[in-house]
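Below is one structure, written out as structure tokens; comments come after it.
The values are calculated or read from the model by the stated rules, or taken from the named source; none is laboratory data. The shown structure was predicted, so the numbers you read here are calculated from the model rather than taken from an experiment. Neighbour counts are summed over all protein chains in view; Cβ atoms, including those assigned to glycine, are modelled from backbone coordinates with ideal geometry. Calculation scope for accessible area: heavy atoms of the full protein, side chains included, ligands and nucleic acids excluded. Shrake-Rupley method; radii C 1.70, N 1.55, O 1.52, S 1.80 Å.
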Amino acid sequence: MGSALTLLFVVCFNFFLFRIVPSDPLAHMLRGRNISREVQDNLRAAFGLDQPITTQFVYYLRETFRGNLGISFHSRQPVWDEIVERIPATVELLGVSWLFAAVIGTAGGVIAGWRRNTWKDRLITSSTMTLYSVPDFWLGIILLTVFSVVLGWFPIGGMQSVGVRLQGFEAFLDHLRHLFLPALTLSLAYMGEYTMVTRSSLVEVMSEDYLTVARAKGLRDKVVRNHHALPNALLPVVTLAALNLGFILSGAIAVESVFSWPGLGQATAEAIRGPDYPMLQGLFLLFSASVILFNLIADLLYMYLDPRVEAS
Amino acid sequence: MRRVVVFLSVLALALATLVPVASAQEGETTLVVGLTQNWETLNPTAGWLMSEWEMWILQYSALTTNDADMETVPDLAESWIASDDGLTWTYTLREGLTWSDGTPLTAEDVAWTINTSAEQEWMNHYEVTADLTATVIDERTVQITSAVPDPRLPDVGVLILPKHIWEPVATDGEEVTYYENLDGVGSGPYVLEEYRPSQTLTMRANPNWYGWEGREPGVDRIIFRQFGNMDALVAALKSGEIDFAASVPGSAIDDLEADPNIEVIVGFQAGWEQIGTNAGDGDGDVHPAMTDVNVRQAMAYAVDTQAIVEDLWYGTAREIHSINPSIDKRWTPEIPADLVFAYDPAKANQILDEAGYLDTDGDGVREMPGGGDPLHFRHVVNTNSDMGAAIGELFVGWMDAIGIEVELISLDSDQLGAVIAEGTYETYNWGWTPSLDPSSMLSVFICDEIGSFNDVNWCSEEYDALYEAQKVELDEATRLQQVHEATLILTEGAVYIGMVEVPEIQAYRADRWEGFLRQPAADGPVLFNFAGISYPNIRPVGAEGGPTTTAPGDTTTQPSGDTTGTTAPGQPEESGGGVSPAVIGGLAAVVVAAIAVVVSRRKSEDERE
């Protein structure tokens, strides 16, 4: 219920957000063209720009609930079609990055937490925090420069090689080569989050009595860690991972631009120039909806995994 | 953890080394053109971006086109004759014209495009066809009549669309803009093959193009590839992933020129950037000093335009002293010495002193004559212009030197357009690129355009009269005189100051390709120019006249990394940094072995703990 209300708020908020700045989309569409006032008025009417803002809002609400996100000012095609076309690229990039960031980041956190205050802990903590602190697009540019420009190991952006016809496994390999650097950038950039959450959660669990009992039973260190400490320590990590999954659709505007990755992030950057109101509204609605949905899933998941939450 | 690290390292090295064997050649030549602009739509009745124009001029021909010297030359029409009153022109089409899908191209297509675009006001056609009526005489003859004397005729450069494709979608002026235009049916040298938004637009040679008669295309496929940023674009050109880079930043010129395989083109199409003023003939609350031409001229003297050229444009731009009414520079008049407001702050101060704008209260800012409002101006920084912020900062300093205080306001160009129409500003930065006929550029400054396209709120009856006269003047020498006079009146008004003609910087792999043509011939760009004259002429280096699909030497050489741009036969690619696959392979083996050793050692250590 709370989620539904939040979504409704987002739907309304989006509409006004993009209209705070006074800007005439028609001026952008017609830039430098000699067009009679009559045609300008027709175009304005076609896009509903001649109506008062309240009428536009009512119309927007009605159509959004019918599942009609409108026509893009730029491409003159339905916004939904434009968005759907971009989803696979973004889900692929962000999904792979999400997986690697979560797995490697958590593993790093386990080592750092279990071997607290050793050189391993310091190495892992400082390196992941450094990567987490640098802007992701900057990291992307560095990786692109080193691996694509200087070493020439990877292609300079895009999703596949152009000018060659590849099929089957070759096409797949070629695709992986293009995916590698942007996915690495995002994985490195977001690993730190998982490392720090895992580490602190593990450290907390380690002081619990039941772990002392486990050790007292003479269990091997590894067994204590994997079978006793981790199941409890990883609860917040699961929540974090579920929450972050919600951001998969939002794309990564800066990193997608650096690597010319044709996903929703780049579509957002293109729509901002203009501005393409219907496209921006559609994109932001999708982004918000996915975050809200995965918040809900995270809550439910937590309840399922941790009986204490349900009880309280 | 370690297993993951090992897996990732192996994956990375495998991906870097296991390059699929290129199967590109197959006897086809492909030119890859990189650009940073996206495509919003491919529909020529809806779009306006440079990237989109390039596709349209490749896919569609017009009745007439323009050569490197901007002269009107035959395109679909092979000849034309005028009626005695000069209002009606009869065009004869080439024999045997067909669309790329095999449908005959006739006078019917021409007449339909011209009449429908006039009736439905298609935004890219209407400016030319508004007053035209086309009549089909026979299959190869079409008669075009203008309701008013039109000095542009016989030049009719509007792109002719295939009636059999477009008639069903062009039900009205709005509906036609919704068509996606992915059909790939055209009459030009190349037609659309595949479109991936934000990625690539592929065009293949149209075998039915009249110009290919008796020869083979030098390039079979042209792929336009979009980059998310300019640095990647430049890097891709250097590594050979692409063959041509449009819109190279000025900062990359030295680097690219140092590469013997790359040719840099600094191309001008008469476009410029200016600091625009508000002369106060429109609405709004402009500072009264701005309505005085002396103040505007003084400001013009105080702007160090050469510094803009050198510091912001890396010396590639040119200082100019009047607008260019047309791409064709013969329409730009010689500017007499007294209208050349070259950098001279002392003179600027002198003009202001003499006109009575003095700093009476000693705060460093002049006041209106007789003591009144201080000269405090609002300058709008156009955030869509790369140079906007820098020019704004410099402008504050230049104005400070002549006792004018400037406040900076940042807006994007859409918002700036609204502010100009409202008249609530003193200066701003923006630019224009003129079209071929001078009328549309000149029309910007007429009184009727105040509140719309007139971006200086300046109005002169004398100028308007000259504009109206030249628009219908069929005698070219007289018209040239009128356009020059009008331009000089505008120049004297000093409504645009600090003007620089700005280049389109392009670069291509000269080790692979030749045959690029500038348009205008003297100093224009080679691609993304007015009529796309390069494309039919581009060929791999050494392929005289037509492409050779086999060349001496090893055409499948594929050093590390790169599977694209395997296009120029006989031109083995540069490898990224001279790292060969063998070296990488060896490196991979060493790294994997090292990791394996470390992993096994740590494992045993764990056991002991």
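Quarter the surface of the alpha carbon convex hull of the range B:274-343 and you get the mean projected area, 6.2 square nanometres. Which angle between 0 and 90 degrees, to the nearest 10, do you get for helix A:119-133 versus the longest principal axis of chain A when only C-alpha atoms count? Approximately 10 degrees, to the nearest ten.
Charged side chains reduced to their Cβ positions (Lys and Arg at +1, Asp and Glu at -1) give the range A:213-312 a dipole of some 720 debye around its Cα centre.
Note on the range B:272-501: semi-axes of the ellipsoid equivalent to its C-alpha gyration tensor, largest first and rounded to whole Å, are 28, 19, 18.
Scalar couplings 3J(HN,Hα) for the range B:102-118, obtained by applying the Karplus form with A = 6.51, B = -1.76, C = 1.60 to θ = phi - 60°, are x, 5, x, 9, 10, 4, 4, 4, 5, 5, 4, 4, 5, 5, 5, 5, 5 Hz; x denotes Gly and Pro. Give me the summed buried accessible area for the B-A pair, 1.4 Å probe, to the nearest 100 Å². For B against A, buried area totals roughly 6100 Å². Computed over protein heavy atoms with a 1.4 Å probe, the carbon and sulfur contribution to the accessible area of the protein assembly as shown reaches 57%. Taking label points 7 Å from Cα along the Cα-to-Cβ direction, B:Arg330 and A:Leu301 give a separation of 7.2 nm. Across the range B:442-493 the C-alpha pair distances fall into 5 Å bins from zero in the proportions 4, 23, 32, 22, 12, 6, 1 percent. The GluC sites (Glu not before Pro) of the range B:70-155 meeting both criteria, a DSSP state outside H, G, I, E and B (loop) and at most 14 other C-beta atoms within 10 angstrom of the site's C-beta, are B:Glu71, B:Glu95, B:Glu139. Measuring r between the beta carbons of A:His175 and B:Asp338 and using R0 = 41 Å, the FRET efficiency lands at 0.05. Computed 3J(HN,Hα) for the range B:158-165, one whole-Hz value per residue from the Karplus formula 6.51 cos²θ - 1.76 cosθ + 1.60 where θ = phi - 60°, is 5, 6, 8, 9, x, 4, 5, 8, glycine and proline marked x.
The simple Förster model, with R0 at 30 Å and r as the Cβ-Cβ distance, assigns A:Leu99 and A:Trp119 a FRET efficiency of 0.60. Less than 5 angstrom separates the built amide H of B:Gly34 from those of B:Arg225, B:Asp243, B:Phe244, B:Ala245, B:Ala246, all sequence-distant by 5 or more or on a different chain.
Amide hydrogen proximity for B:Leu93: with H placed 1.01 Å from N in the peptide plane, the residues at 5 or more positions away or on another chain lying under 5 Å are B:Glu78, B:Thr141, B:Val142.
Computed packing ranks the peptides B:338-345, B:156-163 as B:156-163, B:338-345, most packed first, by mean other Cβ atoms within 10 Å.
Mean projection of the alpha-carbon convex hull of the protein assembly as shown over all orientations, in nm²?
Working: hull surface 181.5 nm².
Value for the protein assembly as shown: 45.4 nm².
So which residues in the range A:63-78 end up with at least 50 square angstrom less accessible surface once the other protein chains are there, compared with the chain by itself, probe 1.4 angstrom? With the partner chains in place, the range A:63-78 has these residues losing at least 50 Å²: A:His74, A:Arg76, A:Gln77. Sorting B:Tyr126, A:Tyr304 on solvent-accessible area from highest to lowest, probe radius 1.4 Å, gives A:Tyr304, B:Tyr126. Look at the alpha carbon pairs under 8 Å that are at least 6 residues apart: their mean separation over the length of the range A:85-311 gives a relative contact order of 29 percent.
For a Förster distance of 35 Å, can you work out the FRET efficiency between the beta-carbons of B:Val396 and B:Asp255, rounded to the nearest 0.05? For B:Val396 and B:Asp255, the calculated efficiency is 0.65. The fraction of Cα-Cα pairs per 5 angstrom bin, counted from 0 for the range A:128-168, comes to 6, 20, 19, 19, 16, 11, 4, 5, 1 percent, rounded to whole percents. Here the range A:58-115 is described by how far its Cα atoms reach on the three principal axes: 59, 24, 16 Å, from widest to narrowest. Average accessible surface for the protein assembly as shown: 41 Å² per residue, computed with a 1.4 Å probe over protein heavy atoms with every protein chain in place. Its Kirkwood hydrodynamic radius, worked out from the mean inverse distance over all distinct Cα pairs, puts the range B:50-178 at 15.0 Å. When a/c is below 1.5 the answer is rounded, else prolate if a/b is larger than b/c, else oblate, so apply that to the range B:323-407 with a ≥ b ≥ c taken from the square roots of the Cα gyration tensor eigenvalues. Oblate, because a/c is 1.5 or more while a/b does not exceed b/c. For the pair B:Thr383 and B:Leu182, label points projected 7 Å from Cα toward Cβ lie 3.4 nm apart. Average 1/r across all pairs of distinct alpha carbons in the range A:85-311, invert it, and you get the Kirkwood radius: 19.5 Å. Note on the range B:182-337: dipole from Cβ charges, positive end direction compared against B:Ala302, B:Leu237, B:Gly186; the farthest Cα belongs to B:Gly186. In plain terms, the bigger the Kirkwood radius, the slower the diffusion; for the range B:202-330, with that radius from Cα pairs, at 25 °C and 0.890 mPa s, Stokes-Einstein puts D at 126 µm²/s.
Here the spin labels are modelled as points 7 Å beyond Cα on the Cα-Cβ line, and at A:Thr130 and B:Ala346 they lie 5.7 nm apart.
Shielding of peptide A:259-270 by partners, expressed as the average count of other chain Cβ atoms within 10 Å per residue Cβ, is 4. Computed with a 1.4 Å probe on the full set of protein chains, the accessible area for B:Thr88 sits at about 30 Å². Over all other residues within a Cβ to Cβ distance under 11 Å of B:Ala302, the charged ones net out to -1, with Lys and Arg as +1 and Asp and Glu as -1. Of A:Leu202, A:Leu300, A:Ser288, whose Cα points farthest to the positive end of the dipole of the range A:85-311 (charges on the beta-carbon: +1 Lys, Arg; -1 Asp, Glu; origin at the Cα centre)? The listed residue farthest towards the positive side: A:Leu202.
Near the amide H of B:Thr65, under 5 Å away, which other amide H atoms are found, from residues 5 or more places off or on another chain, if H is placed in the peptide plane? Amide H neighbours of B:Thr65: B:Val73, B:Asp75.
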